[in-house]
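To start, the structure itself, in structure tokens.
The values are calculated or read from the model by the stated rules, or taken from the named source; none is laboratory data. Since the model is a prediction, treat every value here as computed from it, not as a measurement. Here Cβ is always computed from backbone atoms with ideal geometry, including for glycine, and neighbour counts include all displayed protein chains. These area figures cover heavy atoms from the full protein model, side chains too; ligands, DNA and RNA do not enter into them. Shrake-Rupley method; radii C 1.70, N 1.55, O 1.52, S 1.80 Å.
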Amino acid sequence: MGSLQTSTNLSNKSCLCVSGRGVQGLSVVRQVGFSWLLQGQRKSRKIQSLCVRSSFSNGGGGSAPDEKVSEGLLLGAERDGSGSVVGFQLIPHSVAGDATMVECHDIEADDLSEDAEEMEKTPIKLTFNIIFVTAEAAPYSKTGGLGDVCGSLPMALAARGHRVMVVSPRYLNGGRSDEKYANVVDLDVRATVHCFGSAQEVSFYHEYRAGVDWVFVDHPSYHRPGTPYGDIYGAFGDNQFRFTLLCHAACEAPLVLPLGGFTYGEKCLFLANDWHAALVPLLLAAKYRPYGVYKDARSIVAIHNIAHQGVEPAATYKNLGLPPEWYASLEWIFPTWARAHALDTGETVNVLKGAIAIADRILTVSQGYSWEITTPEGGYGLHELLSRRKSVLNGITNGIDIDDWNPLTDEHIAAHYSINDLDGKVECKTALQKELGLPIRPDCPLIGFIGRLDYQKGVDIILSAIPELMQNDVQFVMLGSGEKQYEGWMRHTENLFKDKFRAWVGFNVPVSHRITAGCDIIVMPSRFEPCGLNQLYAMRYGTIPVVHSTGGLRDTVKDFNPYAQEGKGEGTGWTFSPLSSEKLLDTLKVAIGTYTEYKPSWEGLMKRGMERDYSWENAAIQYEQVFDWAFIDPPYVR
Ligand SMILES: Nc1ncnc2c1ncn2[C@@H]1O[C@H](COP(=O)(O)OP(=O)(O)O[C@H]2O[C@H](CO)[C@@H](O)[C@H](O)[C@H]2O)[C@@H](O)[C@H]1O
């Protein structure tokens, strides 16, 4: 697996070599992006004269040393109503011969060498048309970390000059959450999707916010009570249908939606998040490219959680809208031991597997997890396939929305504070104790947990540790929803330890902010954690994470060492391994001891966590590197 370089200059140099003869190896240039690139540095006459050498003509973005400049692509100038150049568009060679479409001026040799020198010195950045496809995007829809990431990473990329569209369903459940779509408008564009033996009409809604085109696919199957995935009776039985629709619609969106007057067009990069969007790379390769559409697009599958793969009976393959000959890409046969009964042949289709096999690149949300999924323990059956595609697999640690999660401005918390003035944190703690009906005791260590109540999050480990933990002078608050057995256990435990334990069963974002701010310790005994966001939120709020040493938790929490840095200490929390309630208890006891007896050390822990950079900026730069790589190579499946 290649390691990521975070230097944009370096990455640009490696993928884009500019000379007086043109731009070599250029894969795709977004209109506005290229004008930004040249902004203020080049005379318009010279801009219009740029010739681009590219191997688009032979179907890919790889450099072709022998190609002559005259055979390459041209940048056609686009003008606004007043005639000013607003951007440039690559004109394929076939069209470039048409003199009416291309402005190509004579350039003197001196001008060129002057230009070449100038451009060699100038950091050059490619910008892309990026289409996020996701089942959830905060604030419109969120059941977990996927919503957070797809709600904030697009804005970070847009701020860096990319044109970004996020495509997700327009969920309406008749409740207050419908208000989140209050500002979206019907684009009055319809598309017909052929799948599940029928022709389904979807429509598109849109909001332009924070530089991003938020596009919502509308269909009656997205309008029902519950969460995006299910209701009180469990997961919806037609989720395969609902997300198949989403993927088809997302592939149409760049072609048919005139956003801001222009469609995104075919030369775009699809970022398909998790299994719900995993059909996208397959549709590009199987449905569009054979007809010459999306020849120059690329796809990346982003894995936020490999435990969910979109596996359904093999008989459903015909419903997906893929040609029959593509069946093998999705085919997935369960081992004998995992079959339900004697007549079960174990034959299924697995859309995430298909995407991993077909996408141009694969991303996970931390480097640790990108390794873990190539192991039998972490790959959930896909480790061999992922190992085979290791050369295009990378991990990029998630950032967080630092405006939404900012203890200095957070609208949900009782008092504001910062690294320079921590007083407000104690107020947040006492306010939380009051809100939850716990004894108001600023000195008592307050431990929190926020998350889905399921196997991944290690709720059973907490459950086993609680009786002994409650023997100590601590308070514990849990916010979560999920498996009924754990919800019941939380309520029962609250009854047993009325002065020490509080259960908040449900999903409540403001409460999650108040717990993050009010607690001293956040505990995350996750079995696996692709990245994990709560430990990042916690550290930003001066709340110390105690986490199982796995995936993104291991990557982001640095163990406390009081003796390092000439006694000043280092580290931002505690990691523990192996995963057991005993080990969790031992580690919590060390943390509690540090909290009660070593106040300066505790403050050091808090401040080191708070001063770290959690913004999306770093991650966005690394995403750009991966986008560059995606376009350097020809499409994996042509
Ligand atoms: N009851 C509740 N009330 C309010 N808010 C709640 C809540 N339960 C959870 N949340 C919130 O949902 C988010 C959960 O994010 P995580 O990253 O911890 O986990 P998740 O497993 O959903 O995400 C997957 O995708 C993300 C994003 O890539 C990875 O970080 C992660 O490891 C992977 O499992 C956090 O913002 C958390 O505060």
So, in region 494-510, of the ones that are away from the ligand (no atom under 12 Å from the Cβ) and not polar (S, T, N, Q), which residue ends up least open to solvent (accessible area, probe 1.4 Å)? Phe501
I want to confirm something. Restricting to region 261-284 and keeping residues that are among the hydrophobic types (A, V, I, L, M, F, W, C) and open to solvent by 10 Å² or more (accessible area, probe 1.4 Å), which single residue is farthest from Phe241 (Cα to Cα)? Phe262
Please go through region 346-376 and pick out each residue that is more than 16 Å from the ligand (Cβ to nearest atom), open to solvent by 10 Å² or more (accessible area, probe 1.4 Å) and either in a loop (DSSP other than H, G, I, E, B) or over 12 Å from Ile306 (Cβ atoms) (or both). Glu347, Thr348, Val351, Ala357, Ile358, Asp360, Arg361, Thr374, Thr375, Pro376
If you scan region 564-580, which residues turn out to be assigned to a strand (DSSP E or B) and either crowded, with 18+ Cβ neighbours inside 10 Å or within 12 Å of the ligand (Cβ to nearest atom) (or both)? Gly573, Trp574, Thr575, Phe576
Which numbered condition Asp613 misses (of (1) without any contact (Cβ under 8 Å) to a residue 60 or more places away in the chain; (2) charged (D, E, K, R); (3) open to solvent by 60 Å² or more (accessible area, probe 1.4 Å); (4) part of a helix (DSSP H, G or I)): (4)
Look through region 460-496, keep the residues that are acidic (Asp, Glu) and part of a helix (DSSP H, G or I), and return whichever of them is farthest from the chain's Cα centre (by Cα). Glu468
Ser549: open to solvent by less than 40 Å² (accessible area, probe 1.4 Å), within 20 Å of Thr364 (Cβ to Cβ), at pLDDT 95 or above and out of contact with any helix residue (DSSP H, G or I) (no Cβ under 7 Å at 6 or more places or on another chain), yes or no? yes
By residue number, the members of region 440-459 that are more than 16 Å from the ligand (Cβ to nearest atom) and either of a type in the set (D, E, K, R) or part of a loop (DSSP other than H, G, I, E, B) (or both) are Ile440, Arg441, Pro442, Asp443, Cys444, Pro445
Look through region 511-542, keep the residues that are surrounded by fewer than 21 Cβ atoms within 10 Å (Cβ to Cβ) and farther than 18 Å from Ile402 by Cβ, and return whichever of them is nearest to the ligand (Cβ to nearest atom). Val511
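Residue-by-condition table, conditions (1) touching a residue at least 12 places away in the same chain (Cβ under 8 Å); (2) among the polar types (S, T, N, Q):
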site	(1), (2)
Ala302	yes, no
His308	yes, no
Trp337	no, no
Asn350	yes, yes
Extreme residue, nearest to Val301 (Cα to Cα), among residues of region 127-140 that are within 12 Å of the ligand (Cβ to nearest atom) and of a type outside the set (A, V, I, L, M): Thr134
Mind listing whichever residues of region 153-169 are of a type outside the set (A, V, I, L, M, F, W, C) and open to solvent by less than 10 Å² (accessible area, probe 1.4 Å)? Pro154, His162, Ser168, Pro169
For Leu187, which of the numbered conditions (1) surrounded by fewer than 18 Cβ atoms within 10 Å (Cβ to Cβ); (2) of a type outside the set (D, E, K, R); (3) in contact with a Phe, Trp or Tyr (Cβ under 9 Å, 6 or more places away or on another chain); (4) not in a helix (DSSP H, G or I) fails to hold? (1)
Does Leu172 satisfy being open to solvent by 10 Å² or more (accessible area, probe 1.4 Å), touching a residue at least 12 places away in the same chain (Cβ under 8 Å) and of a type in the set (A, V, I, L, M)? yes
Going through region 142-161 in order, the residues found to be within 9 Å of the ligand (Cβ to nearest atom) and part of a helix (DSSP H, G or I) are Gly145, Leu146, Gly147, Asp148, Val149, Cys150
Only one of Leu382, Leu386, Leu432 is surrounded by 17 or more Cβ atoms within 10 Å (Cβ to Cβ) and within 15 Å of the ligand (Cβ to nearest atom), namely Leu432
Region 310-335, subset open to solvent by less than 40 Å² (accessible area, probe 1.4 Å) and in contact (Cβ under 8 Å) with a residue 60 or more places away in the chain, residue nearest to the chain's Cα centre (by Cα): Gly310
